[in-house]
Structure formats: structure tokens, C-alpha cells
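Here is the structure we will look at.
The values are calculated or read from the model by the stated rules, or taken from the named source; none is laboratory data. For clarity, every value in this text was computed on a predicted model and none was experimentally measured. Quick reminder, even Gly has a Cβ in these numbers, built from the backbone with ideal geometry, and neighbours come from all protein chains shown.
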Amino acid sequence: MSHVERTKHRVVAARVAAWLATAALAMSVATASAQEENAGAAGEWLSRYSSARTLGLGGSYVSLADDPLGVLWNPAGLSGMNENELRFENGVLFDQTSLNAFGLAVPGSWLPSFGLAFVSLKSSDFERTNDMNDALGTFSQGETAWLFTASRSFSPRLAIGANLKMVQQSIESFNGGGFGVDLGATFTPMPGLKLGAAVANLSGPTVKLRDVDETWPAVFRGGAALAVLGGRALLTAQMDRLEGLGPRLHAGTEYWVQPGLALRVGFDQNAGTGGFSYQFASQYRIDYAVADHPLGLTHRVGMSWRFGGFHAASAAEPEVFSPTGERAVTRINLYSRTKADPATWTLDIVDKGDAVVRRFGGNGQPPSHLQWDGKDENGLPLADGLYRYRLTVRDAAGRVLEGPTRAIEIFTSGPQGVVPVVPVQ
């Protein structure tokens, strides 16, 4: 190899090492002192990847992992999903480095749940120079990973999942790739408490760019999530250990202020994170998160679409009715699809104070529809105003599906005005 070529490769290596350190710092939201303690690890960019919701929770997600990109934390999380979901994520890091991802999840019942995820990290162009500081053009670096996931729920309490991972790395004209395996499990010891554990890079991948094989080190994760305030809030905690780099602490909280709006605050090692979600039309959601660290703020934006799968839903026709008018009742259509045979169902109608004013229910599959005449449990007429209703279905295995909350209005007031009186001639 000539002196110019050796110089060229030294410069490339130095530039890439600096870029990788910056990217790892940005995604892990680590403190400066923590970064000085190690020089990074192979595949660290993927092991410390954060989506919008996850970043808002401080990276504490191994016990939940219930979205298509959650397989990066725990492949068993797919079994906790009910609806099919398609998710896109975007993040802009430092020095025009871009981070993009998409995932698709299809939950199963007697068949396993399946998922497909793709994550890409790409740098901007770096200037290449020789020992004399002469410009030799530019180069870039890129990392990609494909994950194919299968997860099986053995009961409503226990699920196990695995990822088959294919990774690719490119630096200038050098390319390398490899395959790896991740394993994970979730366990629900009691209602509202969920535990999760996973091992990433249990077997490989090993990437060879030129002469040296580089095997990604194993990443061990364990954590818990606790639902509080009637399921409106979550408290999460997680401990990671990247082989050779020591432990790392994550924690976060999520609170649904309204059915369509959630706020998040998190803690990732020594840095703070935060974010929110806005859900509309019941199946669409936008997630946003921001994290603080010594190099500045980083941002994540995610969008998801939920469709099909297992669900419960209800819809009133009409949404405004008058028990004393032409439309004395409203018809509430019911829809549900459960993983196991349906056991029981309830439809609660509540007032603005969250008190249940009328409850319908029964065993087995909900009927296609029911009618409500605007009266309470005792058969007394209710006052005009807005009410809310939601369908809940429990299957034979104990799983609970809750449909979206919808509004309905009782309006009995007639039109105001003066009726003209015509005298008889």
C-alpha cells in the first residue's frame, strides 16, 4: 500500500471514529464524562436508538415495546399489541446526520405475531485530506438494519419473541454485513404491572469491512412498567448493560391528559427527556420527543396508523337525539374481534362527572347493535347534555379490549320563535 493510500485510510478511520462517537452521543443522550470513559462499541448506534415515544420515556421501554419499532427493545412486545400498525420515524441529529425508521406489526392469536422493522443512520459528507491538508474529495458513512420478528403469547401473562437481524455498514468504498439474533420476554405478574427482559445481539452480527471481523457485543435489558390512575398513567424503569461498557439507567412517566393527548417526561442516565402524543380519528397518532445533552437538543417525530387486527368499537346513529322528539332513541352499533373467544362485554354510558348513568352488557359476542332511549338505570329521563360511551370486551383468556371513547348528546329543546295568529274573517 502506498503512502498516499495509508494516509487516506488513516484519515477515513479518524473521521468515521469521530462521527460514530458524535452519533452515539446524540442517540444515547449520554453525558460528556460517560463518553470519555469508553470509545464506543460496534453496533452501539442501534442498541441506543430511540423512537419518539421511547425517547420521551427516557429510553425505558423493554417492559412495554408495544409498537412496530418496539422490537428493538424487546421482540416479545408484539404479543401485547391488538391492532395492526404501521409506523414511521424521523430524527435529525448533529452535523446533518439523519435517522429514519419504519415498522409494520401484525398481531396474532393462535398464530404468532409478526413484525418487520427497518432503521437507517446516515451521515453527511466528510472532507477527505492527506498529510499536506490537500482536499481529496468527500466520503460518507451509513448504517442500516432490518429486523424480522416473531412473538408468541403462551398466556395473557407470558410472551416470548425473537428477532432475526440483518445489518449493513458502509464507509466510503468498503461494505460489510452480517446476521444476528435477539431474544426477549414479557411477564405480567398482576394487573397493571408488566415486566420485560431482552438480550440483543445474542448471536452476532459480525461485520467485516476490510480485514478484521467485528462482532457486536451483547446488550442486556430488564425493566418494569406500572399502570396507575386507572390506567391513564404509566411509570417505567429500565436497566441496560452493554457488554464491556457497564450499566445504564432509564426511567420515564406517561400521562394521558385526555383520550387523545399524552405527555411524557423521562430520565436517560444523567439527562432529561420529554415529549407528547396526539391521537386523532382513533387510528392515527403523532409522537414527538426532545432530549437534552451537552451537544444540544435532539428531536424525534413519529407517525403511526392502526388498522384491522383485534379491536372493540362502537358508534351511535344519530349522535344527537331527543327522547321526546321524532328520533326518540339512538342506535349504537357494536364491533369487536378478540384473540380468544369473547367471554363478556359491557357498554358504559357516563355523564360529564364520569358517573355511569346506563350500563349494557352480556356474555359472549356483543350484539351488532343496541338502542338507548336517553334514560338511566332506573328508567328515569336524563338531562340534556353531552354523554360519553365506550365498549369493553373481555375474552376467555382474560384479555381486555377497550374501544375508543365517543360522545353522544341528548337535546330536547325545541326551536324558539313566535307563531303568528291569523284572525278568522
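Summary table below
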| quantity | calculated |
| --- | --- |
| Filtered residue count, segment 278-292, keeping only those that are within 15 Å of L86 (Cα to Cα) and not in a strand (DSSP E or B) | 2 |
| Filter result (at pLDDT below 90 and buried (at least 16 other Cβ atoms within 10 Å of the Cβ)) within segment 141-153 | Q141, E143 |
| Output for segment 198-238, where each listed residue is within 20 Å of G266 (Cβ to Cβ), surrounded by fewer than 21 Cβ atoms within 10 Å (Cβ to Cβ) and in contact (Cβ under 8 Å) with a residue 24 or more places away in the chain | G222, A224, L226, A227, V228, L229, G231, R232, A237 |
| Residue in segment 318-332 that is surrounded by 15 or more Cβ atoms within 10 Å (Cβ to Cβ) and under 30 Å from G70 (Cβ atoms) present | no |
| Checking N333 against (1) assigned to a strand (DSSP E or B); (2) more than 24 Å from F411 (Cβ to Cβ), the condition it does not meet | (2) |
| Long-range neighbours under 6 Å by Cβ, at least six apart or interchain, first residue within 20 Å of P189 (Cα to Cα) within segment 63-75, second crowded, with 24+ Cβ neighbours inside 10 Å and of a type in the set (K, R) | S63/K194 |
| Residue match in segment 319-328 (condition: in contact with a Phe, Trp or Tyr (Cβ under 6 Å, 6 or more places away or on another chain), modelled with pLDDT of 90 or more and not in a loop (DSSP other than H, G, I, E, B)) | yes |
| Restricting segment 293-318 to residues that are in a strand (DSSP E or B) and more than 25 Å from the chain's Cα centre (by Cα), the residue that is farthest from N100 (Cα to Cα) | E317 |
| Count - residues of segment 163-190 that are in contact (Cβ under 8 Å) with a residue 24 or more places away in the chain and either surrounded by fewer than 17 Cβ atoms within 10 Å (Cβ to Cβ) or out of contact with any helix residue (DSSP H, G or I) (no Cβ under 8 Å at 6 or more places or on another chain) (or both) | 15 |
| Any hit, segment 357-373, residues being assigned by TED's automatic domain parsing to the domain that holds R327, aliphatic (A, V, I, L, M), loosely packed, with under 15 Cβ neighbours inside 10 Å and at pLDDT 90 or above | no |
| Any hit, segment 166-183, residues being among the aromatic types (F, W, Y) and under 17 Å from E214 (Cα atoms) | yes |
| Output for segment 262-282, where each listed residue is surrounded by 17 or more Cβ atoms within 10 Å (Cβ to Cβ) and either without any contact (Cβ under 8 Å) to a residue 40 or more places away in the chain or of a type outside the set (K, R) (or both) | A262, G266, F267, D268, Q269, A271, T273, G274, G275, F276, S277, Q279 |
| Test for D287: is it more than 15 Å from A262 (Cβ to Cβ) and either outside the structural domain of S368 (by TED's automatic domain parsing) or within 15 Å of the chain's Cα centre (by Cα) (or both) | no |
| Those residues of segment 374-386 which are out of contact with any Phe, Trp or Tyr (no Cβ under 9 Å at 6 or more places or on another chain) and either surrounded by 12 or more Cβ atoms within 10 Å (Cβ to Cβ) or touching a residue at least 24 places away in the same chain (Cβ under 8 Å) (or both), in sequence order | K375, D376, P381, L382, A383, L386 |
| Per-region count, segment 106-130, residues exposed (fewer than 14 other Cβ atoms within 10 Å of the Cβ) and either modelled with pLDDT of 70 or more or touching a Phe, Trp or Tyr at 6+ places or on another chain (Cβ under 6 Å) (or both) | 2 |
| Scope segment 50-88; condition in a loop (DSSP other than H, G, I, E, B) and surrounded by fewer than 24 Cβ atoms within 10 Å (Cβ to Cβ); matching residues | D66, M81, N82, E83 |
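Every residue, every condition in (1) on the phi > 0 side of the Ramachandran plot; (2) outside any strand (DSSP E or B); (3) modelled with pLDDT under 90; (4) under 18 Å from the mean Cα position of the chain (by Cα), yes or no:
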{"residue": "L235", "(1), (2), (3), (4)": "no, no, no, yes"}
{"residue": "M239", "(1), (2), (3), (4)": "no, no, no, no"}
{"residue": "P247", "(1), (2), (3), (4)": "no, no, yes, no"}
{"residue": "H250", "(1), (2), (3), (4)": "no, no, no, yes"}
{"residue": "T253", "(1), (2), (3), (4)": "no, no, no, yes"}
{"residue": "W256", "(1), (2), (3), (4)": "no, no, no, yes"}
{"residue": "A262", "(1), (2), (3), (4)": "no, no, no, yes"}
{"residue": "T273", "(1), (2), (3), (4)": "no, no, no, yes"}
{"residue": "F276", "(1), (2), (3), (4)": "no, no, no, yes"}
